[in-house]
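Chemist: First, the structure itself, so that you have it in front of you.
The values are calculated or read from the model by the stated rules, or taken from the named source; none is laboratory data. What you see is a predicted model, and the numbers here were worked out from it, not measured in a lab. When we count neighbours, we look across all protein chains shown, and the Cβ atoms used for this are built from the backbone with ideal geometry, even at glycine. For accessibility, only protein heavy atoms count, side chains too; no ligands or nucleic acids. Shrake-Rupley method; radii C 1.70, N 1.55, O 1.52, S 1.80 Å.
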Amino acid sequence: MSDARGVIRLESLTKAYGRVTALDGVDLEVRAGEMVTLVGPSGSGKSTVLRLIAGLDRPDHGRVWVDGQDVATVPPHRRAVAMVFQDYALYPHLTVRGNLLFGLQVRRVRRAEADRRARAAAERLGIADLLDRYPDQMSGGQRQRVALARALLREPSVYLLDEPLASLDAPLRFATRADLLALHRELRTTTIHVTHDQQEAMTLGDRVVVLAGGRVRQVGPPQQVYDEPADTFVAGFLGSPPMNLVPGGGLLGGDAGATLGVRPEDLALDGAAPVEVTLEAVEALGSEAVLLTRADDGTRLTVRTGPRPGVGPGERVRLRVDPARVHRFDTATGLRR
Ligand SMILES: Nc1ncnc2c1ncn2[C@@H]1O[C@H](COP(=O)(O)OP(=O)(O)O)[C@@H](O)[C@H]1O
Ligand SMILES: [Mg+2]
């Protein structure tokens, strides 16, 4: 039992809401101390996975194991998990201190000890000066920190974070992401971090789990999933702008029955290269530029270059393709070949 602390195992989890299949046979093992990011489009079943682990909902089939124990008969408050919701779910009528103390009081921790722990958690998340505020007197970022502090106080085996950064503006999201990473490095508590943001998934996860349509499409270290996407869905989902996918191969090299893919950064302007296209638009992003091009056969290719590429819309340009970076998928199944 003790060596299983922090281990999560999901076994063929299936869940339907009426006629909507939310999960369709999800298998996953999360290792002790690992931070896994669960990424997928809206409606892919991410929150449902967390709700089933937390016990807020029951699977139709399959099993959930927490700390080596099948938790089918364990009610939510007895599971060693702490969930943080996207909308924070703070008690509006309680101050920050009240929100933090609530769970400790339920567990009958003595007042002085509870105060000490609440303050320590608040300090750790940089909200110690807000203890007397009410939720509606704080910004979204501050409320999110209260929700995280409250989760810390549960001292769980596993954190379940449901899009905790989604409603923060970009600079704050960036800063909080770094804080979450530092916190995880320090505590080493198993964490499942749900996000629809692929950058967040790549930067936070020891491993990334890609979910689509209630199924796990791929599990692996971020760079591996990026470099070797298991299918055309993952190829198109991770990476921005997305991978160029050309059914039949076309100008990337004909291959009937296959879809060839190449990422925008693996194409380059090269006057001596054989592939000729028309530049339709240039998106200057400051640190880089994205070129939207179209070949004579209608194929569109997106190219990522450095800033100031020195070419403009309407020009004919030639593209070099790095052959080692061309991905090959089966067109019928979408699977990597
Ligand atoms: N309580 C519910 N009642 C009906 N449908 C639901 C319920 N919860 C989730 N669903 C449906 O299940 C699917 C997966 O939902 P969810 O897990 O919330 O996706 P995600 O978190 O990836 O956006 C969606 O189609 C959603 O509409
Ligand atoms: Mg969700």
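Chemist: Can you give the direction-averaged projected area of the convex hull of the alpha-carbon atoms in the chain, in nm²?
Modeler: Numbers: hull surface 82.1 nm².
Approximately 20.5 nm², given one-decimal rounding.
Chemist: Could you calculate the contour length gain from R78 to S42, that is, 0.36 nm times the residue separation minus the distance between their Cα atoms, to one decimal place in nm? Intermediate values should be presented prior to the final figure.
Modeler: On the way: separation 36, 0.36 × 36 = 12.96 nm, distance 2.94 nm.
Roughly 10.0 nm would be gained on extension.
Chemist: Let me ask something else. Picking from A268, P247, M202, whose Cα lies most toward the positive end of the charge dipole for region 202-311 (charges on Cβ: Lys, Arg +1; Asp, Glu -1)?
Modeler: M202
Chemist: Determine the share of the chain's accessible area contributed by carbon and sulfur atoms, expressed in whole percent, with a 1.4 angstrom probe.
Modeler: Details: 7960 of 16240 Å².
Of all accessible area on the chain, carbon and sulfur atoms account for 49 percent.
Chemist: In whole angstrom, and with the biggest value first, how far do the Cα coordinates of region 90-171 range along each principal axis?
Modeler: 40, 29, 21
Chemist: In addition: Where the centre of each part is set by its Cα atoms, how far does region 242-321 sit from region 184-213, in angstrom?
Modeler: Answer, in whole Å: 31.
Chemist: Tell me the relative contact order for region 169-302 as a rounded percent, counting alpha carbon contacts under 8 Å between residues six or more apart. Walk me through the numbers on the way to the answer.
Modeler: Numbers: 143 pairs, mean separation 15.2, N = 134.
Contact order relative to length: 11 percent.
Chemist: Could I ask something else about it? Can you tell me the relative contact order of the chain? Whole percent, Cα pairs under 8 Å, sequence separation 6 or more. Working shown, then result.
Modeler: Details: 690 pairs, mean separation 55.2, N = 337.
After rounding, I find 16 percent.
Chemist: Over region 247-330, average the accessible area per residue using a 1.4 Å probe and give it in Å², no decimals.
Modeler: Working: 4100 Å² over 84 residues.
Using a 1.4 Å probe on heavy atoms only, each residue of region 247-330 averages 49 Å².
Chemist: Leaving ligands, DNA and RNA out of it, work out the accessible area of H196 with a 1.4 Å probe and give it in Å² to the nearest 10.
Modeler: Ignoring ligands and nucleic acids, H196 comes out at about 100 Å².
Chemist: So which helices of the chain fit the span-like rule, where a helix is a whole DSSP H run, its Cα atoms reach 18 Å or more along the axis, and its mean Kyte-Doolittle is at least 1.0? All intermediate terms of the calculation are to be shown ahead of the outcome.
Modeler: On the way: long enough: 111-124 (20 Å, -1.59); 140-153 (20 Å, -0.02); 170-187 (25 Å, 0.17).
Qualifying helices: none.
Chemist: Starting from the Cα of V20, step 7 Å along the direction of its Cβ; do the same at R119; then give the gap between the two resulting points in nm.
Modeler: Each label point lies 7 Å from its Cα, and together they span 4.6 nm.
Chemist: Give the accessible area for R133 in Å² (nearest 10); use a 1.4 Å probe, count only protein heavy atoms, and leave out ligands, DNA and RNA.
Modeler: Result for R133: roughly 90 Å² accessible.
Chemist: Tell me the volume per residue, in Å³, of the convex hull enclosing the alpha carbons of region 247-330.
Modeler: Working: hull volume 7.2 nm³, N = 84.
Expressed per residue, the convex hull around the Cα atoms of region 247-330 is 86 Å³.
Chemist: Considering only C-alpha atoms, what is the centroid distance from region 8-59 to region 107-164, in Å?
Modeler: If you average the Cα positions of each part, the centres end up 26 Å apart.
Chemist: Report the calculated FRET efficiency for D296 and L335 (r = Cβ-Cβ distance, R0 = 30 Å), to the nearest 0.05.
Modeler: It comes to 0.50.
Chemist: Also, I was wondering about something else. With each pseudo-label sitting 7 Å past Cα toward Cβ, what's the R328-E186 distance in nm, one decimal?
Modeler: Going from the R328 label point to the E186 one covers 5.0 nm.
Chemist: Report the relative contact order of region 247-330, percent, no decimals, based on alpha-carbon pairs under 8 angstrom and at least 6 residues apart.
Modeler: Working: 178 pairs, mean separation 31.4, N = 84.
Rounded, it is 37 percent for region 247-330.
Chemist: Now for a separate question. Restricting to bridges with both residues inside the chain, how much of the DSSP beta-bridge set is antiparallel, in percent to the nearest 5? Don't jump to the answer; show the numbers that get you there.
Modeler: Numbers: 50 of 68 bridges.
Around 75 percent of the beta bridges assigned by DSSP in the chain are antiparallel ones.
Chemist: Which is farthest toward the positive dipole end of region 160-280 among V216, F233, F174, measuring Cα position about the Cα centre, with Cβ charges +1 (Lys, Arg) and -1 (Asp, Glu)?
Modeler: V216
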